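The values are calculated or read from the model by the stated rules, or taken from the named source; none is laboratory data. This one's a predicted model, so the numbers in the text were calculated from it and none came from an experiment. Positions of Cβ are backbone-derived with ideal geometry, glycine not excepted, and every protein chain shown enters the neighbour counts. These accessible areas exclude ligands, DNA and RNA; they are computed on the full protein's heavy atoms, side chains included. Shrake-Rupley method; radii C 1.70, N 1.55, O 1.52, S 1.80 Å.
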Protein chains: 4
Amino acid sequence: MSYNTFGRALRFTTWGESHGPALGAVVDGCPPGLALSEADIQPFMDARRPGQSKYTTQRQEPDAVRILSGVFEGRTTGTPISLMIENVDQRSKDYSEVAKAYRPGHADYAYDAKYGFRDYRGGGRSSARETAARVAAGAVARLVIPEVTITAYISQIGGDEIDRAAIDFAKIGNNPFFCPDPAATVRWEKLVDEARLAGSSLGAVVECVANGVPAGWGAPIYAKLDADLAGGMMGINAVKGVEIGDGFLAATLTGEQNADPMRSGESGPEFEANHAGGIAGGISTGQPVVCRVAFKPTSSILTAVDTIDRDGENTQIRTKGRHDPCVGIRGTPVVEAMMALVLADHKLLHRAQCG
Amino acid sequence: MSYNTFGRALRFTTWGESHGPALGAVVDGCPPGLALSEADIQPFMDARRPGQSKYTTQRQEPDAVRILSGVFEGRTTGTPISLMIENVDQRSKDYSEVAKAYRPGHADYAYDAKYGFRDYRGGGRSSARETAARVAAGAVARLVIPEVTITAYISQIGGDEIDRAAIDFAKIGNNPFFCPDPAATVRWEKLVDEARLAGSSLGAVVECVANGVPAGWGAPIYAKLDADLAGGMMGINAVKGVEIGDGFLAATLTGEQNADPMRSGESGPEFEANHAGGIAGGISTGQPVVCRVAFKPTSSILTAVDTIDRDGENTQIRTKGRHDPCVGIRGTPVVEAMMALVLADHKLLHRAQCG
Amino acid sequence: MSYNTFGRALRFTTWGESHGPALGAVVDGCPPGLALSEADIQPFMDARRPGQSKYTTQRQEPDAVRILSGVFEGRTTGTPISLMIENVDQRSKDYSEVAKAYRPGHADYAYDAKYGFRDYRGGGRSSARETAARVAAGAVARLVIPEVTITAYISQIGGDEIDRAAIDFAKIGNNPFFCPDPAATVRWEKLVDEARLAGSSLGAVVECVANGVPAGWGAPIYAKLDADLAGGMMGINAVKGVEIGDGFLAATLTGEQNADPMRSGESGPEFEANHAGGIAGGISTGQPVVCRVAFKPTSSILTAVDTIDRDGENTQIRTKGRHDPCVGIRGTPVVEAMMALVLADHKLLHRAQCG
Amino acid sequence: MSYNTFGRALRFTTWGESHGPALGAVVDGCPPGLALSEADIQPFMDARRPGQSKYTTQRQEPDAVRILSGVFEGRTTGTPISLMIENVDQRSKDYSEVAKAYRPGHADYAYDAKYGFRDYRGGGRSSARETAARVAAGAVARLVIPEVTITAYISQIGGDEIDRAAIDFAKIGNNPFFCPDPAATVRWEKLVDEARLAGSSLGAVVECVANGVPAGWGAPIYAKLDADLAGGMMGINAVKGVEIGDGFLAATLTGEQNADPMRSGESGPEFEANHAGGIAGGISTGQPVVCRVAFKPTSSILTAVDTIDRDGENTQIRTKGRHDPCVGIRGTPVVEAMMALVLADHKLLHRAQCG
């Protein structure tokens, strides 16, 4: 069984390969009457699309989204919204090497083991290009939750972290790293450029905060808000870890240190801290929903790595194509999209049961 | 919408509250013909059940499982397996305080915000007692994947980690901490006992390794094996973080450091490292599947914490009941169970599509 | 893959065999705060339970329902509602014949072909006894749709139909046939008793009308209200046909004859006819939702029928147990329950998307 | 909540409106390695597409399918197969009347009641044009079940039935009615042409037989093979009734008349009759799977019918567009497609659980 649909009440199904004619998403369950045009989606596509700085892959894709259904006279109709993005820059190249040998760390071997063969052009379905469809779907999800503001940023590239005291969200859009700390931006320019020139790659951590989520979203026990976020984020290409609130740090604390005291506030409870990351028992508490996502360095590097070929013979492979030196950068808009998709889904799920 | 069912091909639904008459799980989709009796399940229940050492809650529950359906003449029939565990030791106590005020860090406030009221006795549905049903279901899942061996252990309590060089899996069952490092066991006895006596609590990290998983399990894009594991683990009570393979450490590495070179081996590919934790592109690679799970310290502590009551008035609350000083300990068998449930589900999913 | 869960927003999972210790249902997604006790469920159980007249099987089952979870202080909590019914009268008998040979028309051969073996005691999971769990779940569903009144009745036993001009819904509860036509009741007493004495069986048609369903429920394209009703009804034991509105009669009409003209009314549109049975495009129209369900005669008859045994050898079998001469009778409360379950599910689904 | 996905293991999601730029289906879960090209799909599209005889709507649509993903080097890869069909002949016309008033019997009023407004051009999403996407998906499903042969035909138009003794399946493709009885074909030419010229419409019954289905497919209790067929068929536009095997006729029979005696045969059991339509207990028996589907006459007729407008005022409406005088005709390939989709889904479901 394959499974290319995400969500329960607001569901989206994606399709498409890196080097096929197009890719897309079908968004099902969107409430009717919401204003939607391609112009509402494109800015999010632009934030993710490649070729915008020297710090990302040089593949040139306009990632222009077409809405093929589900919108009439500028408003959603409540029927499936089909979004299509044509692939434009599938550069003609020689795939004979990657067709034959497995790139370690990539999905090549696993796909062959599962399906018996694979579309080896640019990774086929396993390419991070699929995330373009999620970002398009995420733009629709945002319409469902106008009360929520979502902000993702990179807090760490390689071993270099931002200074949390220096965080300025207004800076995130002003640099190629979605970085909220101007000093870190300067350091990262050098760091990522060195990796790029060396044909190497770097890991990164993306943090995402959703403000405005009311208390009560989340469906225990097996569609907890944090569990759905963890599943959604871990499913993004190259992600290896997810934390909610204090995450692994909480494992080192005592109950007293980790307490989230509450006080009566003007418009509901106020919390002195938010160790929990806005979720308790799988349900939102009204505090900001906070998650952190670890991206590994892409396995596409210029250094030759030991591997085997389809016949099981030893060989080596180097990845010569156009690749991201730090996939976490372009992963940042994807993290935002997944946050929007999970929250919108849970808003509708909550409404189903609790009116 | 509530959602108390987990899995796609092998699905289980749990029900029950901490202080109700019973709790249970209905396991659906189990292949027919597997030998199953209550004796196959009970050892896993015993590993999780409370009151076995002074390091866990003193609630006394035999957690005896009854099989009510789905087994005939000692074998599974392919129909739903209903498992029931009676609650025995719901000690009569005064719940008036917890009925009125919210325990910070617990699900009390979130449940009230969502549902308008809540079963406040022992946390009701949000109690970790629910995980007994998962462990019972997990014992059935293990029958589906006899080729797989699953081992979970605690690698860290509070800030105190095991010595990885000293890991001896044979030791895990010989101490109350599921600890594979005898020296750490000695330290933790003191550490946890101090927390217990102080009415405090400690976080922990549980690691889980599944050996014997063949290459090819996992359903990209939205039922990736790692995404399902992350969702499953994050949904366990008190869990705040999940890593696959190197997890957050991978974010600090370069592509060269994180490479997983492959060599031709006698019985398939051999990998020199397993940074990926046995999963690439959401599909198992044939290497051990490795995940790490962070448990926060339980919020049930003797120290009074600021909170509000149902009327929004400021107050304080102390948790006086029988609680686990380190919930990660009893979480260890639950992590194993979730690993078994996810893997068994994916074995069947893989078989559906790929024969 | 087994599949013992029905519904999308209001979901229920049933478990249990005819001769096991118990059977039950777990109802998930029920809105919180609804008043519910065992006494709300029992009357529906009593309408379905066996042994109440000589026209149904003489197995004596009190079908007493226990609520094991999901209700606190008399109200639903929004968590799963576990309902259990103990089997009491699993009469000790010799099953060696049915264990060995297949009863034609029953599920015996199909279960063996699918699962390799079967629980042959009373049909195991394939027994109509499973419908007790649906009726219990249906009683919960009714709480979700207080605006709707559901009435099912038998319109035909064998070839003998009611006189539609004589329908009096007040009479349905006053006879053992759920018959709204007193003259038909008299005829059916003789008809069914003759079949009973002859060890034969009779088919029947059950009609079900839901009044008070507002316009707008139904989720096109693949969860249309009529499609979900058809699937739900066809899944009841012994059902072979389902019609919505005019059903097969509509196939014989012209567009003019089948038209459903609308006129402006005081409280919304009024319809001159209801050929459509209250559903257009898969969505309720505000008219009564009408469906008809065909039950075959049970295959349990005293006449010997040719069959084969598990070794593939020719033999004959007669069914000597306690059986219903007309399963449609006790199917009537099951039809009502399925109508309630489908409508309640769609009320919540509609609310999720359309607020 | 909207729901535009059908199936469990083999799932397809459709999108698109009658007068939008395109419509399509995403087929997920298809096994890898099956030979598939657009030429494999097109013949099924051609059987359903409009404008092929004077007995169907004169809208001219080539219904050319494009495969946008999921196929590589002529074989399915196991990833989602995206199928797109461009709308070509959305004739420019004046929709002001249908925008304002509700066509009785159509989904117009129900969509407005549900969603608050609607795409009124050609019925939008509720148009039978959506079934083109199902037929495309059905062509993929057929590849999954090469052991099965599916044949649908019309057995009745209006009140005029075929002579069952004269059935010749070889004739089905030789006439515009999918009619297996040459004499009926001659009568129907006159019957349908008269309806067409009068601006009237006729109902029809479609029968569908699947040969080669092995015993054992079907997932009791809530994904029974017959229940899934009933739901799938009832969801086709204009369908009002579904029967399996003898259907409503079975309600008039005795247990003796309805018996399905079995005898030992060379290659498994042989059945003397097939009253059950190849399904017992929701599981296939190895006999032909038989269902009958009732199509109402389309509500699009030239005669003015009373209705109301969006403001609730009384008015009348006549349908002047290009319509099918008997929608059952073009429904026949859709019935075949749904049969293929349900059977393929159940083949994979069975494999998941039973290997």
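Any residue that is among the small types (G, A, S), farther than 23 Å from A:D112 by Cβ, open to solvent by less than 10 Å² (accessible area, probe 1.4 Å) and not in a loop (DSSP other than H, G, I, E, B) - is there at least one of those in segment D:71-83? Don't jump to the end; show me each part of the working.
Step one: of segment D:71-83, the residues among the small types (G, A, S) are D:74, D:78, D:82.
Filter once more, keeping what is farther than 23 Å from A:D112 by Cβ: none.
No: segment D:71-83 contains no residue that is among the small types (G, A, S), farther than 23 Å from A:D112 by Cβ, open to solvent by less than 10 Å² (accessible area, probe 1.4 Å) and not in a loop (DSSP other than H, G, I, E, B).
Evaluate segment C:324-334: report whether one residue or more is over 30 Å from C:E61 (Cα atoms) and either open to solvent by 20 Å² or more (accessible area, probe 1.4 Å) or without any contact (Cβ under 8 Å) to a residue 40 or more places away in the chain (or both). I'd like the intermediate steps shown before the answer.
If we filter segment C:324-334 for residues that are over 30 Å from C:E61 (Cα atoms), which is where we start, we get none.
So far as segment C:324-334 goes, no, none of its residues is over 30 Å from C:E61 (Cα atoms) and either open to solvent by 20 Å² or more (accessible area, probe 1.4 Å) or without any contact (Cβ under 8 Å) to a residue 40 or more places away in the chain (or both).
Read through the list (1) surrounded by 23 or more Cβ atoms within 10 Å (Cβ to Cβ); (2) small (G, A, S); (3) under 14 Å from B:A137 (Cα atoms), then give the number of the only condition that B:S37 fails.
(1)
Among (1) within 22 Å of B:A47 (Cβ to Cβ); (2) more than 7 Å from chain A (Cβ to nearest Cβ), there is one condition B:P297 misses while meeting the rest; what is its number?
Looking at each condition in turn, B:P297 falls short on (2).
Quick check on my filter: what residues within segment A:103-124 are under 19 Å from the mean Cα position of the chain (by Cα) and either farther than 14 Å from A:T319 by Cβ or basic (K, R) (or both)?
Result: A:G124, single match.
Looking at segment C:129-185, which of its residues are out of contact with any strand residue (DSSP E or B) (no Cβ under 8 Å at 6 or more places or on another chain) and among the acidic types (D, E)?
Across segment C:129-185, the qualifying residues are C:E147, C:D160, C:D163, C:D168, C:D181.
Search segment B:92-115 for residues being at the interface with chain A (Cβ under 7 Å from one of its Cβ atoms) and of a type in the set (F, W, Y), and hand back the single one that is farthest from A:N274 (Cα to Cα). So that I can check it myself, show each step before the final result.
Step one: filter segment B:92-115 for residues at the interface with chain A (Cβ under 7 Å from one of its Cβ atoms), giving B:102, B:104-107, B:109-111, B:113-115.
Remaining after also requiring of a type in the set (F, W, Y): B:102, B:109, B:111, B:115.
Values: B:Y102: 16, B:Y109: 14, B:Y111: 18, B:Y115: 22 Å.
Taking the candidates together, the pick is B:Y115.
Would you pick out the residues in segment A:43-82 that are of a type in the set (V, I, T) and under 30 Å from A:H323 (Cα atoms)? So that I can check it myself, show each step before the final result.
Start the filter on segment A:43-82 by keeping residues that are of a type in the set (V, I, T), which leaves A:56-57, A:65, A:67, A:71, A:76-77, A:79, A:81.
Correct list: A:T56, A:T57, A:V65, A:I67.
Output the residues belonging to segment A:212-243 that are facing chain B (nearest Cβ under 7 Å), in contact (Cβ under 8 Å) with a residue 60 or more places away in the chain, touching a Phe, Trp or Tyr at 6+ places or on another chain (Cβ under 8 Å) and within 20 Å of B:F12 (Cα to Cα).
A:A219, A:P220, A:I221, A:A223
Which of the residues spanning segment B:258-279 are without any contact (Cβ under 8 Å) to a residue 12 or more places away in the chain and either touching a Gly at 6+ places or on another chain (Cβ under 7 Å) or polar (S, T, N, Q) (or both)?
At the first step, the residues of segment B:258-279 found to be without any contact (Cβ under 8 Å) to a residue 12 or more places away in the chain are B:262-267, B:270.
The answer is B:S264, B:S267.
Condition first: within 21 Å of the chain's Cα centre (by Cα), outside any loop (DSSP other than H, G, I, E, B) and surrounded by 22 or more Cβ atoms within 10 Å (Cβ to Cβ). Can you find one or more residues in segment A:254-275 that meet it?
The initial filter retains those residues of segment A:254-275 that are within 21 Å of the chain's Cα centre (by Cα), namely none.
Among the residues of segment A:254-275, not one is within 21 Å of the chain's Cα centre (by Cα), outside any loop (DSSP other than H, G, I, E, B) and surrounded by 22 or more Cβ atoms within 10 Å (Cβ to Cβ), which makes the answer no.
Of the residues C:R310, C:R292, which is in contact (Cβ under 8 Å) with a residue 40 or more places away in the chain, touching an Asp or Glu at 6+ places or on another chain (Cβ under 6 Å) and more than 7 Å from chain D (Cβ to nearest Cβ)?
The unique qualifying residue is C:R292.
Please verify whether segment D:293-311 includes one or more residues that are open to solvent by less than 10 Å² (accessible area, probe 1.4 Å), modelled with pLDDT of 95 or more and in a helix (DSSP H, G or I).
no
One residue is enough: does segment A:126-142 have a residue meeting the conditions among the charged types (D, E, K, R), more than 23 Å from A:I317 (Cβ to Cβ) and more than 16 Å from the chain's Cα centre (by Cα)?
The first filter runs over segment A:126-142 and keeps only residues among the charged types (D, E, K, R), leaving A:129-130, A:134, A:142.
Still in the list and also more than 23 Å from A:I317 (Cβ to Cβ): A:134, A:142.
From what's left, more than 16 Å from the chain's Cα centre (by Cα): none.
Taking every residue of segment A:126-142 in turn, none turns out to be among the charged types (D, E, K, R), more than 23 Å from A:I317 (Cβ to Cβ) and more than 16 Å from the chain's Cα centre (by Cα).
Mind listing whichever residues of segment A:161-205 are within 15 Å of B:A251 (Cα to Cα) and either more than 21 Å from the chain's Cα centre (by Cα) or among the basic types (K, R) (or both)?
A:L191, A:A195, A:S200
So which of C:R118, C:R142, C:R129 ends up being within 12 Å of chain D (Cβ to nearest Cβ), touching a helix residue (DSSP H, G or I) at 6+ places or on another chain (Cβ under 6 Å) and open to solvent by 10 Å² or more (accessible area, probe 1.4 Å)?
Working: C:R142 fails: within 12 Å of chain D (Cβ to nearest Cβ); C:R129 fails: touching a helix residue (DSSP H, G or I) at 6+ places or on another chain (Cβ under 6 Å).
Just a single option satisfies the conditions, and that option is C:R118.
Return a yes/no flag: does segment D:29-41 have any residue that is within 14 Å of chain C (Cβ to nearest Cβ) and out of contact with any Cys (no Cβ under 6 Å at 6 or more places or on another chain). Quick ask: steps written out before the conclusion?
Kept after step one, since they are within 14 Å of chain C (Cβ to nearest Cβ), are these residues of segment D:29-41: D:29.
Now drop any that are not out of contact with any Cys (no Cβ under 6 Å at 6 or more places or on another chain), which leaves D:29.
Yes; the residues of segment D:29-41 include at least one that is within 14 Å of chain C (Cβ to nearest Cβ) and out of contact with any Cys (no Cβ under 6 Å at 6 or more places or on another chain).
Could you please find all residues in segment A:99-138 being without any contact (Cβ under 8 Å) to a residue 40 or more places away in the chain and among the acidic types (D, E)?
Of everything in segment A:99-138, just one residue is without any contact (Cβ under 8 Å) to a residue 40 or more places away in the chain and among the acidic types (D, E), namely A:D108.
Counting just the residues of segment C:280-292 that are assigned to a strand (DSSP E or B) and not β-branched (V, I, T), which one comes out farthest from the chain's Cα centre (by Cα)?
Start the filter on segment C:280-292 by keeping residues that are assigned to a strand (DSSP E or B), which leaves C:280, C:283-284, C:289-292.
Next cut, not β-branched (V, I, T) only: C:280, C:284, C:291-292.
Working: C:A280: 23, C:S284: 21, C:C291: 12, C:R292: 11 Å.
For segment C:280-292, the residue satisfying everything is C:A280.
List the residue pairs whose Cβ atoms are under 9 Å apart, where the first residue sits in segment C:185-203 and is away from chain D (no Cβ under 12 Å), the second is of a type outside the set (S, T, N, Q) and assigned to a helix (DSSP H, G or I), and the two are 6 or more positions apart or on different chains.
Partner pairs satisfying both residue conditions: C:T185/C:K171.
Answer yes if at least one residue in segment A:169-184 is at the interface with chain B (Cβ under 7 Å from one of its Cβ atoms), buried (at least 20 other Cβ atoms within 10 Å of the Cβ) and at pLDDT 95 or above, and no otherwise. Outline the logic, then answer.
Step one: of segment A:169-184, the residues at the interface with chain B (Cβ under 7 Å from one of its Cβ atoms) are none.
No, every residue in segment A:169-184 fails to be at the interface with chain B (Cβ under 7 Å from one of its Cβ atoms), buried (at least 20 other Cβ atoms within 10 Å of the Cβ) and at pLDDT 95 or above.
Exactly one condition in (1) assigned to a strand (DSSP E or B); (2) more than 14 Å from chain D (Cβ to nearest Cβ); (3) open to solvent by less than 10 Å² (accessible area, probe 1.4 Å) is false for C:F12; which is it?
Tallying (1) assigned to a strand (DSSP E or B); (2) more than 14 Å from chain D (Cβ to nearest Cβ); (3) open to solvent by less than 10 Å² (accessible area, probe 1.4 Å), C:F12 fails exactly one: (2).
Would you please name the residue that is nearest to B:P176 (Cα to Cα), looking only at residues in segment B:50-70 that are open to solvent by less than 10 Å² (accessible area, probe 1.4 Å), of a type outside the set (S, T, N, Q) and more than 21 Å from the chain's Cα centre (by Cα)?
The residue in question is B:L68.
Find the residue count for segment D:313-340, including only residues that are more than 9 Å from chain C (Cβ to nearest Cβ) and either among the charged types (D, E, K, R) or over 23 Å from D:Y95 (Cβ atoms) (or both).
Residues that pass the stated criteria total 17.
Does C:A99 satisfy the condition of being farther than 29 Å from C:F12 by Cα, open to solvent by 40 Å² or more (accessible area, probe 1.4 Å), small (G, A, S) and in a helix (DSSP H, G or I)? If you could, list the steps in order and put the result at the bottom.
Numbers: farther than 29 Å from C:F12 by Cα: yes; open to solvent by 40 Å² or more (accessible area, probe 1.4 Å): no; small (G, A, S): yes; in a helix (DSSP H, G or I): yes.
No.
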